[in-house]
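The block underneath contains the structure these notes are about, expressed in structure tokens.
The values are calculated or read from the model by the stated rules, or taken from the named source; none is laboratory data. Quick caveat: nothing in here was measured; it's all calculated off a predicted structure. Ideal geometry is used to build each Cβ from the backbone, glycine not excepted, and the neighbour counts take in all protein chains shown. Surface areas here come from the heavy atoms of the whole protein model, side chains and all, with no ligands, DNA or RNA. Shrake-Rupley method; radii C 1.70, N 1.55, O 1.52, S 1.80 Å.
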Amino acid sequence: MADGSEEALVAGFDLRALPPGFYEDPYPTYRALRRLSPVHRLPDGGWFLTRHADLFAIYRDTATFSSDKKVEFTPKFGAGTPLLDHHTTSLIFNDPPLHTRVRRLISGALTPRAVAAMEDGVVALVRGLLDAMAAKRAPVDLVEDFAAAIPVEVIGNLLVIPRDQRGPLRDWSLAILGALEPAPTPAMLDRGNRAVTAFCSYLARLIDDRRQKPGDLEHDVLTRLIAGEADGERLTGNELEQNCIFILNAGHETTTNLIGSALYQLCLWPSERARLLADPSLMKTAVEEFLRFDSSVQLGNRRTLRACELGGVALPEGALLNLCIAGANRDPDAFDDPDRLDVGRQPNPHLGFAGGPHVCAGLAVARLEARVALSMFLARFPGYALDGAPERDPRARFRGFRRLPVRLI
């Protein structure tokens, strides 16, 4: 039976006006919504969904639920803005045929063999970061000094971006993704628009250079996107630039948050850290559990293409749906004892990589980065401890830290 506090959380829930405490721990709110109003009408007219079964069904039914964001994002970003152009052209916010074409090209460069060949480079990168942190006398920041540095290098290598040109990439990524928040401020929109413009300007030069000097089709994603498919179907110049931005953004922010949040959770759950230290072979299942327990991507979106019903609630054509991945990943109907971290959890049908045709194209790369980074960090610094208050990034869509200070032991 729900208590009054749960009822108050549900009654006052507005995705566009979240209280400060929500960002520190959104899970009580998601639990209340899932129990009392799993298909919840928001003040803005949209719907907020928190059940695993509902999200699972939505991801697989592309005939009813669209990923195209032109209707939703045009009033949000404004017609003709760089942010609108980017977020309605990139792979993740599109339906076929653009989604199919881009995904096929990216996936062709991320075969199991290609991903396996990346491991030695990831190991060398992580070893260098661990050495640099060990040499510091002051406490280290696990975001800046470790988690954020790994995916920027890995994705930079996939696109073969010169190492001395990678400096602005993270700031551009954060600005563009920050504009996806439910209620971005004018300053956030301005920063995001400027980031898209600067990123496209840089990519235009990089693409021109790669056209003249193509790379290895088996490992260079940018060369593969430029070359197109065997039947000659190619991306337009704008599609190419916007999806290069998407590849960097998707691969960077989510993996940074995954690694940082995992190391934070192991501070809160010392028994699970002890299990991993005693049995490193658990790391593969542990990575899946970190993706479930504190999802890097907390929210997704769909639009109904026809009237339908979810959980006994009738939804009209054109309904805007907010998919609460974080709430679904703690649904007791899908997971035993869902609020407990269990690094050996099996089965684990989490939705941290979404699902269906839109399942994350880079999931194998993210798993590789997280497995190597976490395994090597724990082996090197098994007694690490928080050293000061972590600083959360106050965002609803993506969950992670701005700063995560630790003492290395």
Here FRET efficiency (C-beta to C-beta, Ala8 to Asp44, R₀ 30 Å, nearest 0.05) is 0.90
In the stretch 289-355, the GluC sites (Glu not before Pro) that sit in a DSSP loop and have at most 12 other Cβ atoms within 10 Å of their own Cβ are Glu317
Share antiparallel - DSSP beta bridges, the chain, percent rounded to 5: 85 percent
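Probe radius 1.4 Å, ligands and nucleic acids ignored: give me the carbon and sulfur share of the accessible area of the chain as a rounded percent. It would help to have the intermediate numbers written out before the result.
Working: 9350 of 16920 Å².
C and S fraction of accessible area: 55 percent.
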Lys/Arg +1, Asp/Glu -1 at C-beta; the chain dipole; positive extreme among Ala278, Ala11, Cys308: Ala278
Where a ≥ b ≥ c are the square roots of the eigenvalues of the C-alpha gyration tensor, would you call the stretch 12-138 rounded, which needs a/c under 1.5, or, failing that, prolate if a/b is larger than b/c, or oblate? oblate
Result for the chain: accessible area per residue, probe 1.4 angstrom, in square angstrom, of 41 Å²
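When the helix-only estimate is applied to the chain (DSSP H runs of n ≥ 4, each -39,500 (n - 2.57), divided by the residue count), what is the mean residue ellipticity at 222 nm, nearest 500 deg cm²/dmol?
Working: 18 runs with 207 residues, N = 409.
About -15500 deg cm²/dmol.
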For Glu288, tell me the accessible area in Å² from a 1.4 Å probe, rounded to the nearest 10. 40 Å²
Please report, in debye to the nearest 20, how large the charge dipole of the chain is about its Cα centre when each Lys and Arg carries +1 at its beta carbon and each Asp and Glu carries -1 there. 420 debye
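Relative contact order of the chain: what whole-number percent is it, with Cα pairs under 8 angstrom and at least 6 residues apart? Please list the in-between numbers first.
Details: 617 pairs, mean separation 102.8, N = 409.
Here the relative contact order equals 25 percent.
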Selection from Leu386, Cys360, Cys324 lying farthest towards where the dipole of the stretch 280-396 points positive, charges on Cβ: Cys360
What does the stretch 298-409 give for Rg and for Dmax, in Å, if only its C-alpha atoms count? 18.3, 57
Farthest toward positive dipole pole in the stretch 98-185 [+1 Lys/Arg, -1 Asp/Glu at C-beta], among Ile161, Val123, Leu98: Leu98
Only helices at least 20 Å long along their axis, Cα-based, and averaging 1.0 or more on Kyte-Doolittle count here, so list those DSSP H runs from the chain. 363-380
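Can you list which of the trypsin sites (Lys or Arg not before Pro) found in the stretch 83-189 are DSSP loop residues with at most 12 other C-beta atoms within 10 Å? Can you show the working numbers first?
On the way: sites: Arg101, Arg103, Arg104, Arg113, Arg127, Lys136, Arg137, Arg163, Arg166, Arg170; in loops: Lys136, Arg137, Arg166.
Sites meeting the loop and neighbour criteria: Lys136, Arg137.
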Keeping every protein chain in place, order Asp387, Asp336, Asp54 by accessible area at 1.4 Å, biggest value first, i.e. largest first. Asp336, Asp387, Asp54
Considering only DSSP states other than H, G, I, E and B, which trypsin sites (Lys or Arg not before Pro) in the stretch 213-311 qualify as loop sites with at most 10 other Cβ atoms within 10 Å? none
